[in-house]
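Here is the structure we will look at.
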Amino acid sequence: MSVIFENVNKFASLTPEKTAVIDSEGVKVSYKQLANLTKIRASRLSNLVIPNFSRIALCLNESIDTLVTILALNILNATIIPLNPKLKSNQLQRFLKSVDAEVLIVESLTNSSFKDMINQLKVIDLEMLQNDNKVQNDSYSLRISNPQEYSQFLITLSSGSTGDPKPIVFSENDKLKRSKQSVELYNVTHNDVILCASPFFHSLGQRLTFLPLLVGGTLVQLPVFGVQKWIDTVIKYQVTMTIPVSSHLHLLAGQLLKFPGKFKSLRCLVSSSASIDQSVKSSLFELPYCDFHEMYGASEIATATSLNKDEAKIKPNSIGFPCYGVEVRVVDENFIDCCPTTIGRIFVKSYLASSGYYNLPNTTEKSFVNGYFLTGDLGYLDIDGFLYFVDREKDVIIVGGVNIYPSDIEDVISRHIMVKASVVVGAHDLYFGELPVAIIACNPDDKVSIENELRVTLRKELSSKQQPIMFFFQEKMPFSPSGKVDRKLIRDQIDSLGLDLSRRLRNTQHMT
Amino acid sequence: MKNVKSDIAGYLRNYLDEINQINLNDEDFLNFRYLDSGHIDSFEIMHLIVNIEQEFNIRIEAEDTESDEFRYIEGLVEMIEKKL
């Protein structure tokens, strides 16, 4: 289909000198330059990997070069599989296998973990894609692969860096429809300068990358988030719209509220990924100049509900009303709709839903029932149809918008010979939503050595977000009468300690 | 005293190398602004703090992490050394 690139190409004709993208160093690339760079990159890629291979994984940091590669793969009808460049070697191998990746594009082949991959699939680095003097701007030649299943334009690993890989499949049309939804919800136009401070391997980063390019606006990249950097970027480039994750918004709220005059360009701000503290949320709805929205959704279904300024005045605790074309139900354990204000499981049917998980028919079937996506969240609808979030029914821990599965961490911990049992729960954190904390049953004399050894092992095997920030040791694990570990009870006990786990980090103002 | 400093710097280099390889000589490494460079993400910083505390049996306070010293290797080495 290549619709996204065709849009870039269209704006290269209509507004050739307009800035399409600005990177974190302030480098600006116009639509004309972006289209040309993309054609050259497509030509290079077509000689190197296409059409022999079409499932291309990317382990790249956000940059103009990465954007050019993504758009080039769009021209070539390849399946784009963005991955977290910080995945550990064992995780990367597992993820690549789960999506049947054929090619891996990395920043640099000097990284030893990527060298290990060479035996398994074709690995190339950005340098190999840049060095092609033979290609001229106006004489690129393409060997486009047999049109891929258009249904596999992009595959996102839902957990980002954790859990059993759940690769969500998107068609290009899915992504186009999602952008269209954002255009309508937030009145996005070609005049918008849109800041993307989320990585491309997250669906939010994908949305914020494609959105400006589809409307002929300007994309501003901020790969490493820091409060001051965000503020400087918004002011310098007169950013008009962005969708921060709620943990970033918590940090930014103080500045946004104290100095609203500095952010006059910012006409629209949307909170996403996790629920936001009620007092922060109320204050943000009061921002002058800026239209604040809260959204609720998931990568599988995009935005399901949205709360705007007017609605927040009458429904301040709600997470919004279902978006156009989206049906939200709250059901009991027998899948019967609950009465208004009765808590149940949140199901969402949306025209924006993904077709499912790659190569996982059973998981897809369990997650999408009769066209409804089982969010794993608990909530209720009020009499006017506004949705309220209460809790999650799954054990999943959501750390700064990333799903972390306790079993992945517990599996590693339980391999330690001196650990009798372990449970990992999410401790409430004002800024990240939750942080993983481990409770370990062991002999009290062993706890120091266990913690030291576990920290080393966990660092090697798991991503940073998966590593417990604290360890609690006890002789026995608390079991409920039914013999199960009562995670909720443990979580409540830890929360009652009032630990402010991210305080020392917040002082660094470095929250990525 | 110099050995203590180089031991701490060595520990930090190994730790940060595990996250992402650092191709810097010793002098440049000491000046390395690991926070501002984007070398480590926020969660890695939290774990770095906890691991330093465990390794050196010290406590890093919230005020410590506010300081500029905390943001580059030599400053961090000196901060740890003072607390030993």
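How about the stretch B:25-42: which of its residues are of a type outside the set (D, E, K, R) and more than 14 Å from chain A (Cβ to nearest Cβ)?
Within the stretch B:25-42, B:ASN25, B:PHE29, B:LEU30, B:ASN31, B:PHE32 qualify.
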query = Would you pick out the residues in the stretch A:454-512 that are modelled with pLDDT under 80 and under 13 Å from B:GLU44 (Cβ atoms)?
reply = A:LEU505, A:THR508, A:HIS510, A:MET511, A:THR512
request  = Considering each of A:SER273, A:SER283 in turn, give the residue that is closer than 22 Å to A:THR209 by Cβ, open to solvent by 10 Å² or more (accessible area, probe 1.4 Å) and among the polar types (S, T, N, Q).
outcome  = A:SER273
note = Within the stretch B:52-67, residues more than 9 Å from chain A (Cβ to nearest Cβ), assigned to a helix (DSSP H, G or I) and open to solvent by 80 Å² or more (accessible area, probe 1.4 Å) come out as none
task = Identify, by number, the condition in (1) surrounded by 21 or more Cβ atoms within 10 Å (Cβ to Cβ); (2) of a type outside the set (Val, Ile, Thr); (3) in a loop (DSSP other than H, G, I, E, B) that A:PRO436 doesn't meet.
result = (3)
task = Would you confirm whether any residue within the stretch A:45-57 is free of Cβ contacts under 8 Å to residues at least 12 places away in the same chain, open to solvent by 40 Å² or more (accessible area, probe 1.4 Å) and outside any loop (DSSP other than H, G, I, E, B)?
result = no
key: Those residues of the stretch A:183-209 which are open to solvent by 20 Å² or more (accessible area, probe 1.4 Å), more than 14 Å from every other protein chain (Cβ to nearest Cβ) and either β-branched (Val, Ile, Thr) or not in a helix (DSSP H, G or I) (or both), in sequence order   = A:VAL183, A:ASN187, A:THR189, A:HIS190, A:ASN191, A:VAL193
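Restrict the check to the stretch A:291-311 and report whether at least one residue is touching a strand residue (DSSP E or B) at 6+ places or on another chain (Cβ under 7 Å) and in a helix (DSSP H, G or I).
Checking the stretch A:291-311: at least one residue is touching a strand residue (DSSP E or B) at 6+ places or on another chain (Cβ under 7 Å) and in a helix (DSSP H, G or I).
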query = Do the conditions hold for A:LEU257, that is, is it open to solvent by 30 Å² or more (accessible area, probe 1.4 Å), touching a residue at least 12 places away in the same chain (Cβ under 8 Å) and more than 20 Å from A:LYS18 (Cβ to Cβ)?
reply = yes
note = Scanning the stretch A:312-338 for residues that are in contact with a helix residue (DSSP H, G or I) (Cβ under 8 Å, 6 or more places away or on another chain) and assigned to a strand (DSSP E or B), the one surrounded by the most Cβ atoms within 10 Å (Cβ to Cβ) turns out to be A:GLY320
ask   = So which residues in the stretch A:339-367 are open to solvent by 30 Å² or more (accessible area, probe 1.4 Å) and touching a residue at least 24 places away in the same chain (Cβ under 8 Å), if there are any at all?
value = A:PRO340, A:THR341, A:THR342, A:ILE343, A:ARG345, A:LYS349, A:TYR351, A:SER355, A:TYR358, A:ASN359, A:LEU360, A:THR363
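What are the residues in the stretch A:458-478 that are more than 26 Å from the chain's Cα centre (by Cα) and either assigned to a helix (DSSP H, G or I) or away from every other protein chain (no Cβ under 11 Å) (or both), if any?
Quick first cut of the stretch A:458-478, residues more than 26 Å from the chain's Cα centre (by Cα) only: A:471-478.
Listed by number, the residues that qualify are A:PHE472, A:PHE473, A:GLN474, A:GLU475, A:LYS476, A:MET477, A:PRO478.
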request  = Tally the residues that are open to solvent by 40 Å² or more (accessible area, probe 1.4 Å), touching a Lys or Arg at 6+ places or on another chain (Cβ under 9 Å) and modelled with pLDDT under 90, restricting the search to the stretch B:25-51.
outcome  = 2
query = How many residues are outside any helix (DSSP H, G or I) and open to solvent by 40 Å² or more (accessible area, probe 1.4 Å) if we restrict to the stretch A:20-38?
reply = 4
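Determine whether B:LEU76 is crowded, with 19+ Cβ neighbours inside 10 Å and either touching a residue at least 40 places away in the same chain (Cβ under 8 Å) or more than 9 Å from chain A (Cβ to nearest Cβ) (or both).
Values: crowded, with 19+ Cβ neighbours inside 10 Å: yes; either touching a residue at least 40 places away in the same chain (Cβ under 8 Å) or more than 9 Å from chain A (Cβ to nearest Cβ) (or both): yes.
Yes, satisfied.
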message = Could you check the stretch A:264-290 and list, in sequence order, the residues that are modelled with pLDDT of 95 or more and either part of a strand (DSSP E or B) or more than 25 Å from the chain's Cα centre (by Cα) (or both)?
response = A:SER265, A:CYS268, A:LEU269, A:VAL270
message = Just to be sure I understand, how many residues within the stretch A:387-414 are free of Cβ contacts under 8 Å to residues at least 40 places away in the same chain and either more than 20 Å from A:LEU157 (Cα to Cα) or assigned to a strand (DSSP E or B) (or both)?
response = 6
ask   = Taking B:PHE70, is it crowded, with 19+ Cβ neighbours inside 10 Å and within 9 Å of chain A (Cβ to nearest Cβ)?
value = yes
ask   = Given A:ASN90, A:ASN77, which one is in a loop (DSSP other than H, G, I, E, B) and in contact (Cβ under 8 Å) with a residue 40 or more places away in the chain?
value = A:ASN77
Members of the stretch A:374-387 found to be more than 15 Å from A:ASP337 (Cβ to Cβ) and at pLDDT 95 or above, listed by number = A:ASP384, A:PHE386
query = Can you spot a residue in the stretch B:4-15 that is within 10 Å of chain A (Cβ to nearest Cβ), open to solvent by 20 Å² or more (accessible area, probe 1.4 Å), within 30 Å of A:SER108 (Cα to Cα) and part of a helix (DSSP H, G or I)?
reply = no
query = For B:ILE49, which of the numbered conditions (1) away from chain A (no Cβ under 12 Å); (2) hydrophobic (A, V, I, L, M, F, W, C); (3) in a helix (DSSP H, G or I); (4) free of Cβ contacts under 8 Å to residues at least 60 places away in the same chain fails to hold?
reply = (1)
ask   = For the stretch A:97-112, how many residues meet the condition of being more than 18 Å from A:GLY356 (Cα to Cα) and in a helix (DSSP H, G or I)?
value = 1
request  = Would you check which residues across the stretch A:441-455 are more than 9 Å from chain B (Cβ to nearest Cβ) and either within 29 Å of A:GLY401 (Cβ to Cβ) or not aliphatic (A, V, I, L, M) (or both) and list them?
outcome  = A:CYS442, A:ASN443, A:PRO444, A:ASP445, A:ASP446, A:LYS447, A:SER449, A:GLU453, A:LEU454
message = I'd like to know if the stretch A:114-131 contains one or more residues that are modelled with pLDDT of 60 or more, open to solvent by 80 Å² or more (accessible area, probe 1.4 Å) and aliphatic (A, V, I, L, M).
response = yes
key: Residue count for the stretch A:210-233, restricted to those that are assigned to a helix (DSSP H, G or I), in contact with a helix residue (DSSP H, G or I) (Cβ under 9 Å, 6 or more places away or on another chain), away from chain B (no Cβ under 14 Å) and open to solvent by less than 10 Å² (accessible area, probe 1.4 Å)   = 4
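The values are calculated or read from the model by the stated rules, or taken from the named source; none is laboratory data. Because the structure is a prediction, the values reported are computed rather than measured. A quick note on method: Cβ atoms are made from the backbone with ideal geometry, for glycine too, and the neighbour counts reach across all protein chains shown. Accessible surface is based on the protein model in full, side chains and every heavy atom, while ligands, DNA and RNA are left aside. Shrake-Rupley method; radii C 1.70, N 1.55, O 1.52, S 1.80 Å.
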